[in-house]
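A.B. asks: Let me begin by handing over the structure; questions about it come next.
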Amino acid sequence: MSAQTNADREAAEYEGHAQRTPAFNSSTLTVDPIPDRGWIAASTWWLFRALAPAFIPGPVHQRGPQIFNDPKLPVGYTFERWSFEDWGLVTILPPQRKNSPDNVGADLDPIRSMIYFHGGAFNYPVNAGHWKLCARFAAELGAEVTLVPTPLAPDNTADEVVPTLVRVYGEFLRRARGKEILFVGDSSGGNLALVVALAAAQAGLPVPHQLILISPWLDLSCTNPVIQSAQKVDPILSARRLRQKAANWVQGNNPLPSDELTIKLKDPYFSPIYASLAPFVAGQTRLTVVSGTFDVLHPDIELFVEKAERAGVNLHYIEGKGQVHVFPLYARVLPEGKLALEKVVEAVKSHSGRRWTAHSSPSARSNSETL
């Protein structure tokens, strides 16, 4: 049998696997599928195959945090700048309310504070899509949304960046003044949302109330054998290139021997699929995870959801059949992406406040709720 025939067979087998709905069975987990609409998913596949390279920004080589220009936001939005250590952060505020009781514009009183960790394989800077998504969350969740200027690889490494992010989170908590705390991240930003939350717990800080993970990169080693089959249907990502970017993140400009690099990439500090999720169970953190089945990261996301279910984590899993990596970020052109974001907003609102008084009392967790 030819290599091409083998590849076609593996792709067909993976596509069949990806179309199934996972058979989870837990009172702490909700599975929320988004159906594949056939020709639309196929058209989307070829569209991204052709156009994705044109939208990938170039890497930025600099030590220290990114420097954000003023974000281009829709009319009615405002933002604030604040600094911590040598980091300059930007917080987007909810837009003005058009129908306030006194019939004049009035700022919404934010009830949530969100940190957004943007994707880009740890090597690429924030882009316009990230700002737009943050603005949407600010409006629909009544949240003040802070986008962190994460330093980029290879000139900065995880060993340097994560401890600083934990300190930034400590300052963020002080500024949040009792609001509901959310971490949100897409792709490598989803990795950071988990890594920073778990590192914060180790440092004695409270875990966030909710985490939203959009196509999170959970295993930097990319060694799950199912990824090779998923690769056949992913029009955007390359597992080989992802591993190269991960190497930049954990080793910087000082290459490690291959075996040593693999061991480091699988360290729970860098790859949260291997980490204990006990802090989220004890802290009653709600996780909302979104994944498209035509994504090389999807096999690891499935494993993570299964692990979280076994651990007793409160989790809402939104799966897009035949959808690509971070498909919710393309909500303006993808109906499935728009639907996924609507489901995310609904999931966050449905859970808000349920454990607010238990934030510093993990023992108060209730197992009686079925999500």
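A.B. asks: Find how much the distance from Arg241 to Glu160 grows on full extension, using 0.36 nm per residue of separation minus their present alpha carbon separation; answer in nm with one decimal.
C.D. replies: Values: separation 81, 0.36 × 81 = 29.16 nm, distance 2.26 nm.
Fully extending the segment from Arg241 to Glu160 adds 26.9 nm.
A.B. asks: Taking 0.36 nm per residue of separation and subtracting the Cα-Cα distance, what length does fully extending Ser258 through Asn69 add?
C.D. replies: Values: separation 189, 0.36 × 189 = 68.04 nm, distance 3.82 nm.
Full extension of this stretch gives 64.2 nm more.
A.B. asks: Could you list Asp86, Asp32, Asp267 in order of exposure, starting from the residue whose Cβ has the fewest other Cβ atoms within 10 Å?
C.D. replies: On the way: Asp86 8, Asp32 19, Asp267 14.
Ascending number of Cβ neighbours within 10 Å: Asp86, Asp267, Asp32.
A.B. asks: Starting with the fewest neighbours, write out Val207, Val326 ranked by other beta-carbon atoms found within 10 Å of each beta-carbon. Please list the in-between numbers first.
C.D. replies: Working: Val207 21, Val326 25.
Least crowded to most crowded, the residues run Val207, Val326.
A.B. asks: Which of the trypsin sites (Lys or Arg not before Pro) found in segment 130-237 are loop residues per DSSP with 14 or fewer other Cβ atoms within 10 Å of their Cβ?
C.D. replies: Arg177
A.B. asks: What ranking do Tyr274, Tyr169 get, fewest neighbouring Cβ atoms within 10 angstrom at the top?
C.D. replies: By the 10 Å Cβ count, ascending: Tyr274, Tyr169.
A.B. asks: Please work out whether segment 245-324 counts as rounded, prolate or oblate from its C-alpha gyration tensor, where a ≥ b ≥ c are the square roots of the eigenvalues and a/c under 1.5 means rounded, while otherwise a/b larger than b/c means prolate and anything else oblate? List each step's numbers first, then the result.
C.D. replies: Working: a/c = 2.82, a/b = 1.46, b/c = 1.93.
Cα axes put segment 245-324 in the oblate bin.
A.B. asks: Between Ala282 and Leu303, what is the label-to-label distance in nm when each label sits 7 Å out along the Cα-to-Cβ direction?
C.D. replies: Distance between label points: 2.6 nm.
A.B. asks: Once fully extended, how much extra length lies between Lys349 and Asn127, figured as 0.36 nm per residue of separation less the alpha-carbon to alpha-carbon distance?
C.D. replies: Values: separation 222, 0.36 × 222 = 79.92 nm, distance 2.67 nm.
Full extension from Lys349 to Asn127 adds 77.3 nm.
A.B. asks: Sticking with this structure for a sec: Filter Lys266/Lys343; Lys132/Lys179; Lys132/Lys264; Lys72/Lys338; Lys245/Lys266 down to the pairs with a C-alpha to C-alpha distance above 26 Å, please. Intermediate values should be presented prior to the final figure.
C.D. replies: Values: Lys266/Lys343 32 Å; Lys132/Lys179 23 Å; Lys132/Lys264 34 Å; Lys72/Lys338 21 Å; Lys245/Lys266 14 Å.
Exceeds cut-off: Lys266/Lys343; Lys132/Lys264.
A.B. asks: Moving on to the next point. Going through segment 244-353, which trypsin sites (Lys or Arg not before Pro) have at most 10 other Cβ atoms within 10 Å and a DSSP loop state? Walk me through the intermediate numbers first.
C.D. replies: Working: sites: Lys245, Lys264, Lys266, Arg286, Lys307, Arg310, Lys321, Arg332, Lys338, Lys343, Lys349; in loops: Lys266, Lys321, Arg332.
For trypsin sites (Lys or Arg not before Pro) across segment 244-353 that sit outside H, G, I, E and B with at most 10 neighbouring Cβ atoms in 10 Å, the list reads Arg332.
A.B. asks: Lys/Arg Cβ at +1, Asp/Glu Cβ at -1, dipole of segment 132-262 taken about the Cα centre: which of Ala143, Leu213, Asn254 is farthest positive-ward?
C.D. replies: Ala143
A.B. asks: Quick one: grab the alpha carbon gyration tensor of segment 173-332, order the square roots of its eigenvalues as a ≥ b ≥ c, and give me rounded if a/c is under 1.5, else prolate or oblate depending on whether a/b is larger than b/c. Can you show the working numbers first?
C.D. replies: Working: a/c = 1.76, a/b = 1.24, b/c = 1.42.
It comes out oblate by the Cα gyration axes.
Since every read-out is calculated from the coordinates, none of them should be taken as a lab result. Note that the coordinates shown come from a computational prediction; the quantities given were computed from them, not determined experimentally. We place every Cβ from the backbone using ideal geometry, glycine too, and count neighbours over all the protein chains shown.
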